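> I am attaching a structure below and will ask some questions about it afterwards.
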Amino acid sequence: MRRAPRYAALLLLLTISCQPTAKRAEKEAADGNFPEAAKLFWQAALDAPCPERGRYLLRRAQIQGQAGYDDLSGATIDQAIRSCPELPDGYWLRAQRSRDRGDREQAMNDARFARSQFPEARTMYSELAMELETERSIREHAQKLITELQAVLDPTKARRKLAGRESATLTRQVPLPLTLRYQVSQRAIEPTRFDLEWQELISYRGDAAGSTYSLVRHLDLPPMDKELPLYHRLQLANQRLPMVFEVDADGEVSKARWLTKGPQRGMRPEMMRPEIDAMLKRRRVFDPGEDGSRAPGDKWGGDDVRVVDGKPVQLRYQSRAEAWVEVSGVRTLQIHTVLSGKGFSAQEKHWLHPQTAVTVRWSRTASYTVATRAGAEPWQEQITAALVSVTGTD
């Protein structure tokens, strides 16, 4: 049997008259015969005027909840309110039910009707009104930041160094919801030379006032020449399909999956999970600093993970904030990073918009080894990526 809703016990405060049918219904309820009790309270309601009719219906809703029929219980509460709209008990009961189900707008509306009779309803109304107003402000602020970034982003503008060595407070998480599109260029030097371009889309989906969100990532790749190294084709091919990384309240990836059905061979979301998790951790813990600020000249380091040939490689990194630079019309903090680990070394530069944690441009020169049947194959590549569009919707 399903557990009765939490609000059911509060119905004991309802005043039930001495009508014989209602007394029989109470006896059946005391004996645990919930179906018969619910039936008798319905009969009692049919024969009673308001406000007793509404109270009998609400008592019936309680019995239905105790019997595990939560949906029926909710329908009976609605019926009680329609039958006796002047009775505040029904609004108060529905307010509690709505809050328990996460419908705070409905809960606040009903608590407004009931607050003159129930002190608890006044408290609920005030708390919900404050919560909703705070969350509305958070959402408006998030969208304001996105709009401001949209307004200044101009991929045609040349890069220029800016004067000043002042610090800035770096946000640890991008505003939500947000979709970023990057133009990516890759030049491979070893084991063979080639150039490749694609677009990378990253969507941060969720509520700006919430504690969880999802990161959706996929690559808009052109057809790849079969002459390209097999390792590279296998690494990129599946990333054409959107991968979803669900982020919990602690900022860690709790689940990695395909947005829709995807292949179970080649690169899969679970294989990319360590790299995405490390990226989020690094942005949350290390890049902003203990007090959330960085300035040109600051140095810091930490752990990172990169996926090579489908396997996570543990790395250490050392970063230095170098200067304020205008990139694509956006004022950014230029950060230079050196990464090293077993069989992997790289140098990266990120141009970070501090108010949104959005990387406007990044570049990487990396050397690593890939295991093949013939042995360890050296790989060298240069990659640059530039933000070309930003939107505030999923």
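The values are calculated or read from the model by the stated rules, or taken from the named source; none is laboratory data. All of these numbers come straight from a predicted model, not from anything done at the bench. Cβ atoms come from the backbone with ideal geometry, glycine included; neighbour counts cover every protein chain shown.
> Working carefully through the options Gly329, Gly310, Gly297, find the one that is of a type in the set (Gly, Ala, Ser) and modelled with pLDDT under 95. Write out each step before concluding.
Values: Gly329 fails: modelled with pLDDT under 95; Gly297 fails: modelled with pLDDT under 95.
Selected residue: Gly310, the only one of Gly329, Gly310, Gly297 that is of a type in the set (Gly, Ala, Ser) and modelled with pLDDT under 95.
> Going residue by residue through region 26-43, is there one that turns out to be within 30 Å of Met130 (Cβ to Cβ), in contact with a helix residue (DSSP H, G or I) (Cβ under 9 Å, 6 or more places away or on another chain) and either surrounded by 14 or more Cβ atoms within 10 Å (Cβ to Cβ) or modelled with pLDDT of 95 or more (or both)? Even if it seems obvious, please write down each step before you answer.
Of region 26-43, the ones within 30 Å of Met130 (Cβ to Cβ) are none.
No, there is no match, as no residue in region 26-43 is within 30 Å of Met130 (Cβ to Cβ), in contact with a helix residue (DSSP H, G or I) (Cβ under 9 Å, 6 or more places away or on another chain) and either surrounded by 14 or more Cβ atoms within 10 Å (Cβ to Cβ) or modelled with pLDDT of 95 or more (or both).
> Quick one: count up the residues across region 263-299 that are more than 13 Å from Ile335 (Cα to Cα), surrounded by fewer than 18 Cβ atoms within 10 Å (Cβ to Cβ), in contact with a Lys or Arg (Cβ under 9 Å, 6 or more places away or on another chain) and of a type in the set (Gly, Ala, Ser).
Adding up the residues that qualify gives 1.
> Just give me the residues in region 352-375 being within 14 Å of Arg283 (Cα to Cα), touching a residue at least 40 places away in the same chain (Cβ under 8 Å) and part of a strand (DSSP E or B), in sequence order.
From region 352-375, those within 14 Å of Arg283 (Cα to Cα) are 352-359; that's our starting set.
If we keep only those that are touching a residue at least 40 places away in the same chain (Cβ under 8 Å) as well, we get 352-358.
Selection gives Leu352, His353, Val358.
> Given the residues Gln106, Gln62, which is the only one that is outside any loop (DSSP other than H, G, I, E, B), at pLDDT 95 or above and not aliphatic (A, V, I, L, M)?
Values: Gln62 fails: at pLDDT 95 or above.
Result of the check over Gln106, Gln62: Gln106.
> I'm checking my understanding of the structure. Among residues of region 206-226 that are under 23 Å from Pro263 (Cβ atoms) and among the charged types (D, E, K, R), which one is surrounded by the most Cβ atoms within 10 Å (Cβ to Cβ)? Show your work before the answer.
So the first thing to find is which residues in region 206-226 are under 23 Å from Pro263 (Cβ atoms), and the list is 214-226.
Filter again for among the charged types (D, E, K, R), leaving 217, 220, 225-226.
Details: Arg217: 19, Asp220: 14, Asp225: 9, Lys226: 7.
Within region 206-226, the match that is surrounded by the most Cβ atoms within 10 Å (Cβ to Cβ) is Arg217.
> Check off (1) surrounded by fewer than 19 Cβ atoms within 10 Å (Cβ to Cβ); (2) touching a helix residue (DSSP H, G or I) at 6+ places or on another chain (Cβ under 6 Å) for Ala256 and give me the number that stays unchecked.
Only one criterion is unmet by Ala256, namely (1).
> Moving on to the next point. Can you find a residue in region 346-353 that is among the charged types (D, E, K, R), at pLDDT below 95, touching a Ser or Thr at 6+ places or on another chain (Cβ under 7 Å) and surrounded by 16 or more Cβ atoms within 10 Å (Cβ to Cβ)? Give the derivation first.
The first filter runs over region 346-353 and keeps only residues among the charged types (D, E, K, R), leaving 348-349.
After this cut, where a residue has to be at pLDDT below 95 as well, the list is none.
Looking through region 346-353, none of the residues is among the charged types (D, E, K, R), at pLDDT below 95, touching a Ser or Thr at 6+ places or on another chain (Cβ under 7 Å) and surrounded by 16 or more Cβ atoms within 10 Å (Cβ to Cβ).
> Identify all residues within region 72-98 that are closer than 11 Å to Ala61 by Cα and among the hydrophobic types (A, V, I, L, M, F, W, C); write none if there are none. Break it down stepwise before answering.
We begin by selecting, within region 72-98, every residue closer than 11 Å to Ala61 by Cα; these are 72-80, 90, 93-94.
Selection gives Leu72, Ala75, Ile77, Ala80, Leu93.
> Next question, about the same structure. Please go through region 257-269 and pick out each residue that is within 18 Å of the chain's Cα centre (by Cα) and within 19 Å of Lys311 (Cα to Cα).
Listed by number, the residues that qualify are Arg257, Trp258, Pro269.
> Exactly one of these conditions fails for Asp110: (1) farther than 30 Å from Asp207 by Cα; (2) crowded, with 16+ Cβ neighbours inside 10 Å; (3) of a type in the set (Asp, Glu). Give me its number.
Result: Asp110 fails condition (1) only.
> Which condition from (1) touching a residue at least 24 places away in the same chain (Cβ under 8 Å); (2) of a type in the set (S, T, N, Q); (3) part of a helix (DSSP H, G or I) is the one that Thr123 breaks?
(1)
> Being farther than 30 Å from Tyr125 by Cβ, aliphatic (A, V, I, L, M) and in contact (Cβ under 8 Å) with a residue 40 or more places away in the chain narrows it down to one of Ala67, Ala29, so name that one.
Numbers: Ala29 fails: in contact (Cβ under 8 Å) with a residue 40 or more places away in the chain.
Exactly one residue qualifies, and that residue is Ala67.
> Looking at region 156-200 only, could you name the residues that are among the aliphatic types (A, V, I, L, M) and surrounded by 16 or more Cβ atoms within 10 Å (Cβ to Cβ)?
First, the residues of region 156-200 that are among the aliphatic types (A, V, I, L, M): 158, 162-163, 168, 170, 174, 176, 178, 180, 184, 188-189, 196.
Ala168, Leu170, Val174, Leu176, Leu178, Leu180, Val184, Ala188, Leu196 - these are the residues of region 156-200 that are among the aliphatic types (A, V, I, L, M) and surrounded by 16 or more Cβ atoms within 10 Å (Cβ to Cβ).
> Consider Lys261 against the criteria (1) assigned to a helix (DSSP H, G or I); (2) of a type in the set (Lys, Arg); (3) closer than 30 Å to Gly206 by Cβ: it satisfies all of them except one. Which criterion is unmet?
So the condition that Lys261 fails would be (1).
> Tell me, please, whether a residue that is of a type outside the set (S, T, N, Q), buried (at least 19 other Cβ atoms within 10 Å of the Cβ), on the phi > 0 side of the Ramachandran plot and at pLDDT 95 or above can be found in region 366-383.
No, there is no match, as no residue in region 366-383 is of a type outside the set (S, T, N, Q), buried (at least 19 other Cβ atoms within 10 Å of the Cβ), on the phi > 0 side of the Ramachandran plot and at pLDDT 95 or above.
> Can you go through Arg273, Arg282 and tell me which one is within 23 Å of the chain's Cα centre (by Cα), among the charged types (D, E, K, R) and modelled with pLDDT under 95? Talk me through it step by step, then tell me what you get.
Details: Arg273 fails: modelled with pLDDT under 95.
Checking each option against the conditions leaves just Arg282.
> Within region 324-345, how many residues turn out to be touching a residue at least 40 places away in the same chain (Cβ under 8 Å) and closer than 26 Å to Ala188 by Cβ?
The initial filter retains those residues of region 324-345 that are touching a residue at least 40 places away in the same chain (Cβ under 8 Å), namely 324-331, 333, 335.
Subset that is closer than 26 Å to Ala188 by Cβ: 327-328, 335.
Number of matching residues: 3.
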